[in-house]
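The next block holds one structure in the form of structure tokens; read it before the comments.
The values are calculated or read from the model by the stated rules, or taken from the named source; none is laboratory data. If you're wondering where the values come from, they're calculated on a predicted model, not measured in any experiment. FYI the Cβ positions are ideal-geometry reconstructions off the backbone, even for glycines, and counts take in every protein chain you see.
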Amino acid sequence: MADNVADWLHRLGLEQYAPVFAANDIDAEVLPELTADDLLGLGIISIGHRRKLLAAITALRRDGEIAPVSAAVTSSEAERRQLSVMFCDLVGSTPLSARYDPEDLRDVIGAYHRCVADTVAGFAGFVAKYMGDGVLIYFGYPEAHEDDAERAVRAGLAVIDAVGRLASREALNVRLGIASGLVVVGDLIGTGAAQERGVVGETPNLAARLQALSTPNTLVIGEATRRQIGGLFDLEDLGPQALAGFAEPQRAWRVLGESGEVSRFEALRSGTTPLVGRDEELDPLTQLTASFPRSIQYRNHGTVLEFCPDNTCEGFSASGGSMEAMANAFRMAA
């Protein structure tokens, strides 16, 4: 029965929900009775996915059996992607299992899973797999964004906050790890309820190792993720870490929170990258500024440069006239 439900979800192109349906004992007998509230309870927050499922469930009620679905099937072809992969783990799940009845523990874990799924969805995170008390999440698949690493880090901080505020019988804590890099993602692995979208590469392995480094309610990221987020977050350098499966030590950082950078531009730009092959363009500027020992000041409200030879500044804004004046000054200096 579970295999029939998983195949039905696969034909709908929604096979990522098969583990959730199986974990909640949704079989062919229960499936036609599902409602919109039930789907929300299962953690399916996408309106489009709920609409598609409800339409297919309506057809089940009419036909009386799980019949082939005419909806387009999502391609199973794998592709190379730059992904940010997050591993989220519930701290102390083994003691919880010893203290609670299995049905009560199921409620706790289910609430935790829904909390994580709802939170990461706000940052375009894709829940790829639930692994007991762990959650595997992709940022950059199936939809890619230029700021996926930043989204992943923000989502991680939001998950820590959301799980900490979760109404539960006792306080819950999580540990998270994020790694970014090139992977091959999209292969359908397994069959029936065990089917999932696999990801191949060292990135998910690194994310799992970084998660193991983290302490309760902390997020640890790798070098590639750190480069992509620039100065947007305050970080604690954990130094090179010897991780199982990696020949070389891997740099790791603990995310402390958002930084106080004035702008995204300032936070994301690199201040250490040299200009290469621009001597011809830099010479006029060098000659010009040499005649004004206290010449250049920067502002964040539109002024490009200010020339202050006698502490009396004449500002150049980003207007056309100002830029023309700047160009004339450069031509004179050259």
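List of remarks:
- Hey, L14 closer than 18 Å to Y130 by Cβ, surrounded by fewer than 19 Cβ atoms within 10 Å (Cβ to Cβ) and out of contact with any strand residue (DSSP E or B) (no Cβ under 7 Å at 6 or more places or on another chain) or not: no
- Conditions (1) buried (at least 16 other Cβ atoms within 10 Å of the Cβ); (2) at pLDDT 85 or above; (3) of a type outside the set (A, V, I, L, M); (4) not assigned by TED's automatic domain parsing to the domain that holds L213; number of the one not met by D89: (4)
- Residue count for segment 39-48, restricted to those that are of a type outside the set (A, V, I, L, M) and modelled with pLDDT of 85 or more: 1
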